[in-house]
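The values are calculated or read from the model by the stated rules, or taken from the named source; none is laboratory data. All values reported here derive from a predicted model rather than from experimental measurement. Cβ: placed from backbone, ideal geometry, glycine included. Neighbour counts: every protein chain shown.
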């Protein structure tokens with residue numbers, strides 16, 4: 001029997017406790033790697049909320065605030081941008097396209113966003129994926145609605161459903177634009193972004209439902225019917241924000257500088273990636289907390305495993321004395337115990353990883369559908385392999401404790417343990 | 001110069017006119033951190049092939065003496081020469097090697113690793129000693145030699161590959177003899193090997209032990225408190241005759 005098979009046989013003799021230690025470690029490894037995958041996927045889906053857009057333009061505001069209301073539909077803009085300014089930006093040579101968006105209304109607590117059909121062309125998420133229609137199509141008529149998948153599902157809407165949108169974003173006390181019902185003509189595929197919870201209408205339709213509101217006379221708007229509105233010229237004079245694409249990457253900073261120094265009204269242009277990073281750093285405390293807790297769980301499992309080995313040392317004094325009597329050096333005893341720790345740790349890591357993949361294969365679809373988190377079932381990443389190695393190294397370091405103890409015990413016990 | 005690594009596996013012992021297998025001279029030892037228990041040996045020798053009965057109750061320092069002879073602990077001063085090699089001067093790893101090359105050790109009980117079969121237990125020393133492996137395979141394979149030993153010790157072949165946990169204590173002790181004897185050690189150390197056996201098994205065990213030790217022409221030191229076993233040994237000593245122990249009163 002080689003020293004490796006000695007360690008193996010010895011573990012096999014205690015297979016119940018050894019198996020339990022391996023399972024505890026495996027579960028902790030699954031948790032740890034799983035949390036890391038979720039964390040990375042959450043970060044990725046977060047930073048992939050918007051892609052393909054080079055600049056987000058809004059009234060002068062902080063980067064994060066602008067990002068929050070224009071992309072995440074959270075909070076409100078302090079001020080609008082005039083269409084005239086947008087037209088001047090769009091006219092610049094570097095600019096390829098400008099998609100205006102207008103926010104401020106809601107439908108059953110889902111945000112309504114006014115935009116143009118260009119939005120469906122240019123808005124991109126996760127590696128430049130375009131928005132796809134699960135059913136229906138883009139705006140055709142003035143009161144057409146394209147609805148995000150989550151909103152459609154939760155509200156039970158189908159193509160052809162009629163909806164009334166409300167002024168403002170508070171569920172309570174908002175006033176309905178009830179003279180002008182909208183009709184759902186398009187339902188988007190799920191994206192895992194705030195688009196899923198957005199109700200898209202045309203800019204002109206928003207203009208129509210607000211006819212006369214600027215003068216604060218609801219009476220007027222009450223009288224305007226859908227038919228009358230269709231006959232009117234409904235060019236909005238201002239929007240909330242705009243997404244801008246440039247012709248080349250070199251143009252981005254030029255356009256950004258131009259917008260930030262815009263003569264006429266105070267504007268802000270941010271690079272979505274930069275603002276997303278800034279926003280993510282705000283939530284990274286939670287991220288760190290999560291990672292800390294799961295690594296603590298791994299550490300606990302490693303300690304449990306080592307405690308198990310330590311607990312057996314006393315009953316194994318005779319075994320160690322026998323090995324010493326037939327020529328095993330104390331360092332052989334040390335190696336024997338280390339090999340045990342490594343076998344257990346490797347077993348835990350391998351089993352834990354297998355369990356992780358089993359969970360990924362069974363649950364990833366559900367996670368994607370319920371939380372919009374896309375979990376890739378690829379081979380372990382380099383980062384994950386490094387984590388596994390780190391766990392192994394820590395297990396070896398902690399495993400040295402019983403090994404050292406056995407080493408010293410084997411020196412002091414001498415020939416007999418019955419003393 | 002006899003302590004060099006090269007000669008530690010020592011054919012030097014067989015020099016003519018030197019019948020001494022083991023000699024201790026001016027040895028002193030104390031256990032680190034054990035209330036200052038110390039043990040000294042002025043002078044003690046064992047001839048090649050000699051069978052010594054060492055009488056001593058537990059607490060007489062017998063375990064310490066055996067540990068010293070086996071090189072499991074090393075003395076603070078003095079020399080312990082086995083087959084011409086002073087193991088007190090060997091490095092720890094050399095002593096461990098020397099031990100397995102030259103000693104067969106039989107404990108009181110629980111001699112066997114609880115995992116592994118009878119055969120695997122007998123073959124264990126060969127794992128650690130090339131010299132023993134060569135001697136054991138001189139006439140064939142190690143397995144064949146182990147099987148022969150076990151058969152001679154009255155352990156039927158169908159037991160050889162079975163787990164040792166099912167064996168009776170008497171059978172376990174005989175397996176321990178086989179393990180001690182495989183590859184012909186120079187010196188067999190047996191620490192109260194019969195204390196767990198009933199009288200019938202004890203007599204059988206002693207007969208087999210003597211046969212094997214004589215066959216290998218090895219020296220034997222057996223420690224026991226039972227005078228009845230002294231018959232058949234070349235010499236009988238009280239432990240107190242060779243050691244000076246100093247054990248301060250414990251609280």
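Here are a few things to note about the model shown:
- Residue in the range A:38-58 that is within 23 Å of residue A:395 (Cβ to Cβ) and not in a strand (DSSP E or B) present: yes
- Among the residues making up the range B:125-138, those that are within 8 Å of chain A (Cβ to nearest Cβ) and either in contact with a strand residue (DSSP E or B) (Cβ under 6 Å, 6 or more places away or on another chain) or surrounded by fewer than 24 Cβ atoms within 10 Å (Cβ to Cβ) (or both) are B:127, B:128.
- The sole residue among B:98, B:29 that is in a strand (DSSP E or B), farther than 26 Å from residue B:227 by Cβ, at pLDDT 85 or above and within 14 Å of another protein chain (Cβ to nearest Cβ) is B:29.
- Comparison of B:17, B:59, B:36 shows that the only residue that is part of a loop (DSSP other than H, G, I, E, B), away from every other protein chain (no Cβ under 14 Å), modelled with pLDDT under 85 and closer than 23 Å to residue B:240 by Cα is B:36.
- Identity of the residue in the range B:193-249, under 30 Å from residue B:30 (Cβ atoms) and free of Cβ contacts under 8 Å to residues at least 24 places away in the same chain, that ends up farthest from the chain's Cα centre (by Cα): B:249
- Checked against the criterion of being under 30 Å from residue B:133 (Cα atoms) and modelled with pLDDT under 85, the candidates B:48, B:85, B:73 yield just one match: B:73.
- The one condition in (1) over 17 Å from the mean Cα position of the chain (by Cα); (2) outside any helix (DSSP H, G or I); (3) surrounded by 19 or more Cβ atoms within 10 Å (Cβ to Cβ) that residue B:104 fails to fulfil: (1)
- Qualifying residue in the range A:334-348 (condition: over 30 Å from residue B:123 (Cβ atoms) and assigned to a helix (DSSP H, G or I)): yes
Yes/no matrix, rows are residues, columns are (1) over 21 Å from residue A:201 (Cα atoms); (2) in contact with a helix residue (DSSP H, G or I) (Cβ under 8 Å, 6 or more places away or on another chain); (3) at pLDDT below 90:
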residue: A:57; (1), (2), (3): no, yes, no
residue: A:63; (1), (2), (3): yes, yes, yes
residue: A:75; (1), (2), (3): no, yes, yes
residue: A:102; (1), (2), (3): no, yes, no
residue: A:109; (1), (2), (3): no, no, yes
residue: A:112; (1), (2), (3): no, yes, no
residue: A:118; (1), (2), (3): no, no, no
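- If the condition is being assigned to a loop (DSSP other than H, G, I, E, B), within 14 Å of chain A (Cβ to nearest Cβ) and under 21 Å from residue B:130 (Cα atoms), then the range B:156-185 contributes B:182, B:183, B:185.
- Residues of the range B:109-120 that turn out to be within 9 Å of chain A (Cβ to nearest Cβ) and buried (at least 20 other Cβ atoms within 10 Å of the Cβ), as a count: 6
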